[in-house]
């Protein structure tokens, strides 16, 4: 994908991850090194697990040094993902910032593999620099589809890029203003926390309800089973109650209520 963002594809020895849902995560274990949580970035319908990994820290650095055919451990899936059952029959907008496109990609694949179950579909993807665009070939294919609308924006644009792809100058909120959505949509959001207040405010202006706005919270998760306490926030363990919450639920989490009220 880029220098420090690689896509890894795993085959597994059982069907343990067949029911992995968009927004959930796995614990990746490398013997002798450790483990870390990583969000699934593909629909698990075909039996292949894909993870888009940003190299940062000991475990991911070791993963980048592994070769095809090496083995490692996966456990999970953990957490609550995006409520796809609630989204069925409705118009949907998927909003990603930076590496947040990874779990959003899983939800996008889920919807496209069951396209007849959902209404209109909008995808908004923003990043700091156009060279940071992930899944470039896939985005180029998405532009050709007639059953969705895609908006890609970057705060800085440089070229030439291969393959060339139409990227608009601007932030995620700028793309949302172009999207022409209304209160009939439900929203799934994933990106850096600093992005959330501005995105939430823009969606509220469009009339989207808190009950149909779903955010994936970025917290330092470690054990994934609510024992280590690293992700404890507002009386809940993010690894168990989340990482995906509705905006309405976040009103009862003091640490993020500022975002919910913006």
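Here each label is just a point 7 Å from Cα along the line to Cβ, and for residue 116 and residue 65 those points are 5.1 nm apart. In terms of other Cβ atoms within 10 Å, 71, 29 run from fewest to most in the order 71, 29. Reported value for segment 33-96: 129 Å³ per residue, from the convex hull of its C-alpha atoms.
Over segment 84-261, the fraction of Cα-Cα pairs per 5 Å bin, rounded to whole percents and listed from the shortest bin up, is 1, 8, 17, 20, 20, 15, 10, 6, 2, 0. Summarising the label geometry, the points placed 7 Å from Cα in the beta-carbon direction at residue 168 and residue 210 lie 2.9 nm from one another. Taking all Cα pairs closer than 8 Å and separated by 6 or more residues, the relative contact order of segment 1-116 comes to 33 percent. The distance between label points at residue 6 and residue 143 comes to 2.8 nm (points 7 Å beyond Cα on the Cα→Cβ vector).
This ranking places 78, 125, 143, 196 by how few other beta-carbon atoms lie within 10 Å of each, fewest first, which gives 143, 78, 196, 125. Multiplying the residue separation of residue 177 and residue 56 by 0.36 nm and subtracting their alpha-carbon distance yields 40.2 nm. Under Stokes-Einstein, with the Kirkwood radius over Cα pairs standing in for Rh, what whole-number D in µm²/s applies to segment 25-143 at 37 °C and 0.692 mPa s? This corresponds to a translational diffusion coefficient of 207 µm²/s. The sum of -39500 (n - 2.57) across all DSSP H runs of n ≥ 4, divided by the residue count of the chain, sets its helix-only mean residue ellipticity at 222 nm to -6000 deg cm²/dmol. Relative contact order for segment 78-152: 34 percent, from Cα pairs under 8 Å spaced at least 6 residues apart, divided by residue count. For 142, 63, the sequence from fewest to most other C-beta atoms within 10 Å is 142, 63. Here the contact order of the chain, divided by its residue count and restricted to Cα pairs under 8 Å and six or more residues apart, works out to 17 percent. With no solvent and one equal point scatterer per Cα, compute the Debye intensity ratio I(q)/I(0) for segment 76-115 at 0.19, 0.32, 0.33 Å⁻¹ and report its log10, rounded to two decimals. Log10 I(q)/I(0), no solvent term: -0.61, -1.25, -1.26. The antiparallel fraction among DSSP beta bridges confined to the chain stands at about 50%. Largest mean-square fluctuation among 81, 100, 89, in a Gaussian network model of the chain whose springs join Cα atoms under 10 Å apart, belongs to 89.
A short reminder: the numbers here are calculations on the coordinates, not readings from a lab. Quantities reported herein were computed from a predicted structural model and do not represent experimental measurements. Every residue, glycine among them, receives a Cβ derived from its backbone with ideal geometry; neighbour counts consider all protein chains shown.
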